[in-house]
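Presented below is the structure to which this report refers.
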Amino acid sequence: MSTTIDPVAGAARAGGDPTGAFGIDWALIRRQIGGILRLEISKNLIGGRALILYVLAFAPVLLVSLWVVVPIDKGLGGPASGAAIFANIFPFYVRVSVYLSALLLFMSLYRAEILERSLHYYLLTPIRREVLTAGKYLSALIAMSLTFALSTALLFVLFCAPWGVGELMGYLFRGPGMGNLLAYVGIVILGCAGYGAVFLLAGQFFRNPLVPGLVLWVWELINFLLPPLLKKISVVHYLRSLYPIPVVEGPFAIIADPTPAWLSIPGLLVFTSLVLIAAGWRARRIEITYGGE
Amino acid sequence: MAVYEHSYSRYPGPFTPAWSRFLVLPRFAFKDVFKSRLLVFFYALSVLVPVFYGLAIYALNNLEVLDSLGNAGDELGRMLKVDETFFSVFLLVQSGFAFWLTVFIGPGLISRDLANNGLPLYLSRPISRAEYVLGKLAVLLLLLSGITWVAGLLLFLLQSSMAGWEWLAANLHVAAAIVVTSTLWILVLSLLALALSAWLRWKVVAGLLFVMIFFVGDLFALLVNMLFRTEWGHVFNFDQLIQIVAASMLGIRPPDGPPVWGCVLALLLFLGFCLLLLHRKIRAYQVVS
Amino acid sequence: MNEHAIATRPGVAATTQQIARADETVVFDNVSKFYGEVLGVNRINLTLTSGIIGLVGPNGSGKTTLMNLMTGLLRPTEGTIRVLGIGTDEPTRLFRLIGYCTQWDSFPRGVTGYELIYGLLRVHGYPHARSDELAWEALERVKLVDAAHRKVAGYSKGMRQRVRLAQALAHKPRVLVLDEPLNGLDPMARAEIIGVFQGWAAEGYHVIISSHILHEVDMIADQVILLSGGYVVAEGEIGGVRTDIEEHPIQVLIRCDKAPILASKLFEHDHVVEVTMHDDRDGLLVRTKDANRFYLALNELVLAHDIEMETITVADADVRAVYQYLIGTEGEATR
């Protein structure tokens, strides 16, 4: 049995560059995040957890596919009326499918590994906890964004499809269809990013994130009933400001001025970044005491 | 020559009856459940509602009490009647309590055994897979029965004792509705919770999925109804199905939804599916793929 | 016996080895760890230089806590730890130098042995080719090449132990921390792994091994640190500890029908140092310095006095009893 030892340690051995801006070896961090993505993305896209994600994302797609093929009267409004139906359903899709998927996926990033007693493998590698958090967040964001971007696009197209391929193509490529579709996909990705950051942090603070997750869910669901000031303390309010097709919230809704896109997009991104910084800071304090779980 | 020292001898004492052996599981589970102060508080709260209903029955059957309340008593007597609607509201409230109790108790029942590789330990004893599931099921059956049909029947008997045997004879269908719909609801909640608990090692995810199936099911039902202009979408909305069954038994106006036979069929199919999930997962060994 | 490793406690005079450079030692400076109100380890002062060092103690004595503290998986409640001059809160530097084989028999779901080692090396920051090379080298070292592409969940206990060892040594650390590393290994694998540890120690590296089996550590380690109840209760060369144990009288519990007669006859033997009668006068606890002579004498007495024996049990054969002897009652030696 060999006992050869390579005593050289450090970034140089790992083929890394010397430190860059802010005294940080950015090339090493890129490689480390790449390593985490390799391990995590497959975990998020395959297995039991992913199955729930797929059900939430694609069950509506299946249902709408069925609606497309079943010969029932879909009105004479053409693809624009289909898009209007989609626009009315989309807020529920975000509040239910996107929200619950984010809750499940992002809160599991740390908590599930603590339960499986496998988090220590990461914590025994020469990686900053903030980088680990960022890597895990990115992996879940990529998996979820891919899934829900596809699901959203399919839903939009399917709702516009019953009036024939020609009408659909016309609406998508010669009308406002493609712009609307991309806007909805963008909103979904922003939703994944915002909710994801919140649940990543919640997963670090709460042993059982079910309760805060459900409380926040109710908050987001009843957002349309809240007074204007309280409305602004929610992800769904900023997302709604970006909807390309306006939605009527019902007779009991309290109307608040929508936040303009130039403010809501950077606002959401800044909010997400701040929550991620908090999650990274929290990750530095993680100790491995599996027995306590 | 080999010398064998036979120091081991079989236990010569009496055994508990085989039929009741599964009750060992709920006995230990109850200890765990009532360790949580939150659950004790919640369970106490869910018992308080029947007490309140009992007081209402007493008051409504007692003219002196109503008189002592003055105008409010007259108003109460006019507004409230101990009839089918009274019991249907009671069942609705208690169903809510049963749901949330299941959310917090059910998902951990099997998942903890799976996470700690405890299933082979149970199943290497003289206890079958069915008895194991029955034992776990008994935890929820007993707890939820206490706040639903047992409490409901007690209220029914209280009302019968105060209103007379004619009332009892005329309202036997109410007692039947209390027992049947409560049992259906308890079975739906318990079997679903156990099935999720068996398939997901993490009880938090099992709990989340449990809640999701009910809430998302409601919304999914609305979507189906809206797209296909039908009422059959409610087959994904289990509480609505139960309410339709309850309303038909109580003889009051049912909420929108499929016909009663459709509701019962959907519920039975769902219960069968949960049993199938349990059958596939509860095994004394682990399959590594 | 090499003199690489030393351990010091408050009040123990510094030796020449203590002057070893800070960047060559693992230093615990007044380290305590409490889990709420439960004591993990308390007031640990140690300086470990290279070589194989055995952490020995009964279950719950604080071995794993000490190792988790050393590797930054736990933060000390008080005190500081430096591994080759690096604090345990500096993961980017620490884990290039340290490898830890934990006792947790758990793995990320669905991975193969190769994927685990390779994937973690990528997280270290190694590029693909180097990660692949190091992963195969580590798997080769623990004899897992054939099973490398099988799911870890399907491994035997010994294989899972070996893949954990491979994960700990894949990046060729200078300090190897191994929590009960020989658990689950067959004798051949044990011998091979022990050979690896000894080879590494001979080259001047730190190998810190925990075990609750003194005999196991005896085979591997040159130096031993004995822990009990979260305290360091003894440290030094293994030979000294062994001598202590050999001189330690054993206790034998006897239940028979003529206990008083047996007690009086046993007292006539010089190797019997103490006999305690049970309250029911049907049993006695004998302490003897020479087990072989004691059992011969017992045979003769049983035949000579027609004694009907019910039970003969060595009362302190377990490790805990050895520690009890070494540390005194309830660990009072250190408190």
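Starting from residues that are open to solvent by 30 Å² or more (accessible area, probe 1.4 Å) and in contact (Cβ under 8 Å) with a residue 60 or more places away in the chain, keep the ones in region B:163-183 and report whichever is nearest to B:SER95 (Cα to Cα). Please lay out each step first, then the result.
To start, the set of residues in region B:163-183 that are open to solvent by 30 Å² or more (accessible area, probe 1.4 Å) comprises B:163, B:165-170, B:172-173, B:176, B:179-180, B:183.
Now narrow it down to the ones that are in contact (Cβ under 8 Å) with a residue 60 or more places away in the chain: B:163, B:173, B:176, B:180.
Working: B:ALA163: 26, B:HIS173: 19, B:ALA176: 16, B:VAL180: 13 Å.
This residue is B:VAL180.
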Margin query: I need the helices (runs of 4 or more DSSP H) fully contained in region A:200-245, keeping only those with at least 1 residues that are open to solvent by less than 20 Å² (accessible area, probe 1.4 Å), in contact (Cβ under 8 Å) with a residue 24 or more places away in the chain and farther than 22 Å from B:VAL103 by Cα.
Written below: A:228-231, A:235-240
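Quick check on C:GLU37: is it more than 12 Å from chain A (Cβ to nearest Cβ) and free of Cβ contacts under 8 Å to residues at least 12 places away in the same chain?
Yes, satisfied.
Could you go through region A:124-143 and let me know if any residue there is under 30 Å from C:GLY99 (Cβ atoms), touching a strand residue (DSSP E or B) at 6+ places or on another chain (Cβ under 6 Å), within 14 Å of another protein chain (Cβ to nearest Cβ) and not charged (D, E, K, R). Walk me through it before giving the result.
The first filter runs over region A:124-143 and keeps only residues under 30 Å from C:GLY99 (Cβ atoms), leaving A:124-140.
From what is left, the residues that are touching a strand residue (DSSP E or B) at 6+ places or on another chain (Cβ under 6 Å) are A:124.
Adding the requirement that they be within 14 Å of another protein chain (Cβ to nearest Cβ) leaves A:124.
This time we only want the ones that are not charged (D, E, K, R), so: A:124.
Checking region A:124-143: at least one residue is under 30 Å from C:GLY99 (Cβ atoms), touching a strand residue (DSSP E or B) at 6+ places or on another chain (Cβ under 6 Å), within 14 Å of another protein chain (Cβ to nearest Cβ) and not charged (D, E, K, R).
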Next item on the list: Would you be able to tell me the number of residues in region B:207-219 that are over 18 Å from A:ASN208 (Cβ atoms) and at the interface with chain A (Cβ under 7 Å from one of its Cβ atoms)?
Entry: 2
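In region C:89-117, how many residues are closer than 20 Å to A:LEU45 by Cα and of a type in the set (Phe, Trp, Tyr)?
Step one: filter region C:89-117 for residues closer than 20 Å to A:LEU45 by Cα, giving C:107-112, C:115-116.
Adding the requirement that they be of a type in the set (Phe, Trp, Tyr) leaves C:107.
Qualifying residue count for the region: 1.
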Check: Of everything in region B:198-253 that's among the polar types (S, T, N, Q) and part of a helix (DSSP H, G or I), which residue is farthest from the chain's Cα centre (by Cα)?
Finding: B:ASN225
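Farther than 25 Å from B:SER182 by Cα and open to solvent by 60 Å² or more (accessible area, probe 1.4 Å), is that true of B:ARG27?
Values: farther than 25 Å from B:SER182 by Cα: no; open to solvent by 60 Å² or more (accessible area, probe 1.4 Å): yes.
It is false that B:ARG27 is farther than 25 Å from B:SER182 by Cα and open to solvent by 60 Å² or more (accessible area, probe 1.4 Å).
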Checklist line | In region C:165-192, the residues that are open to solvent by 10 Å² or more (accessible area, probe 1.4 Å) and under 15 Å from C:ILE53 (Cα atoms) | finding: C:ARG174, C:GLU180
Margin query: Quick test of your reading of the structure: C:ARG75 fulfils all but one of (1) surrounded by fewer than 22 Cβ atoms within 10 Å (Cβ to Cβ); (2) under 24 Å from C:TYR205 (Cα atoms); (3) touching an Asp or Glu at 6+ places or on another chain (Cβ under 7 Å). Name the failing condition by number.
Written below: (2)
Next item on the list: Evaluate the following for A:VAL157: is it within 22 Å of A:LEU210 (Cβ to Cβ), of a type in the set (Val, Ile, Thr) and assigned to a helix (DSSP H, G or I)?
Entry: no
Margin query: Based on this model, can you work out whether A:TYR121 counts as over 23 Å from the mean Cα position of the chain (by Cα), part of a helix (DSSP H, G or I) and of a type outside the set (Asp, Glu)?
Written below: yes
Check: Taking region C:117-149, which residues are among the basic types (Lys, Arg) and over 30 Å from A:ALA134 (Cα atoms)?
Finding: C:ARG141, C:LYS143
Item checked: Evaluation of C:TYR205 against (1) surrounded by 24 or more Cβ atoms within 10 Å (Cβ to Cβ); (2) touching a residue at least 60 places away in the same chain (Cβ under 8 Å); (3) more than 11 Å from the chain's Cα centre (by Cα) (one fails), failing number -> (1)
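Pick from A:SER139, A:SER151: which is crowded, with 23+ Cβ neighbours inside 10 Å, touching a helix residue (DSSP H, G or I) at 6+ places or on another chain (Cβ under 6 Å) and within 18 Å of A:ALA283 (Cα to Cα)? Spell out how you get there, then give the answer.
Details: A:SER151 fails: within 18 Å of A:ALA283 (Cα to Cα).
Answer to the selection: A:SER139.
Go through region C:94-133 and give me each residue that's open to solvent by 40 Å² or more (accessible area, probe 1.4 Å) and either in contact with a Pro (Cβ under 8 Å, 6 or more places away or on another chain) or facing chain A (nearest Cβ under 7 Å) (or both).
Step one: list which residues in region C:94-133 are open to solvent by 40 Å² or more (accessible area, probe 1.4 Å), which gives C:103, C:105, C:109-110, C:115, C:122, C:127-130, C:132-133.
Within region C:94-133, C:ARG109, C:GLY110, C:ARG122, C:PRO127, C:ARG130 meet the criteria.
Kindly check whether there is at least one residue in region C:240-252 that is within 14 Å of the chain's Cα centre (by Cα) and either open to solvent by 20 Å² or more (accessible area, probe 1.4 Å) or modelled with pLDDT under 85 (or both).
To start, the set of residues in region C:240-252 that are within 14 Å of the chain's Cα centre (by Cα) comprises C:241.
Next, only the ones that are either open to solvent by 20 Å² or more (accessible area, probe 1.4 Å) or modelled with pLDDT under 85 (or both) stay: C:241.
Scanning region C:240-252, I find at least one residue that is within 14 Å of the chain's Cα centre (by Cα) and either open to solvent by 20 Å² or more (accessible area, probe 1.4 Å) or modelled with pLDDT under 85 (or both), so the answer is yes.
Picking from A:LEU104, A:LEU115, which residue would you name as being open to solvent by 10 Å² or more (accessible area, probe 1.4 Å), touching a residue at least 12 places away in the same chain (Cβ under 8 Å) and more than 7 Å from chain C (Cβ to nearest Cβ)? Don't jump to the end; show me each part of the working.
On the way: A:LEU104 fails: open to solvent by 10 Å² or more (accessible area, probe 1.4 Å).
Every option except A:LEU115 fails the conditions.
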Note to self: For a quick check of your reading: which helices (runs of 4 or more DSSP H) sit entirely within region B:53-140 and have at least 3 residues that are over 30 Å from B:SER161 (Cα atoms) and within 14 Å of chain A (Cβ to nearest Cβ)?
What the structure shows: B:84-105, B:108-115
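Please verify whether B:VAL204 is within 14 Å of another protein chain (Cβ to nearest Cβ), closer than 30 Å to A:GLY75 by Cα and surrounded by 15 or more Cβ atoms within 10 Å (Cβ to Cβ), treating the condition exactly as stated.
Details: within 14 Å of another protein chain (Cβ to nearest Cβ): yes; closer than 30 Å to A:GLY75 by Cα: no; surrounded by 15 or more Cβ atoms within 10 Å (Cβ to Cβ): yes.
Answer is no for this residue.
The values are calculated or read from the model by the stated rules, or taken from the named source; none is laboratory data. All values reported here derive from a predicted model rather than from experimental measurement. Here the Cβ is made from the backbone with ideal geometry for all residues, glycine too, and neighbour counts use every protein chain on show. Areas reflect the complete protein model, heavy atoms only, side chains present, ligands, DNA and RNA absent. Shrake-Rupley method; radii C 1.70, N 1.55, O 1.52, S 1.80 Å.
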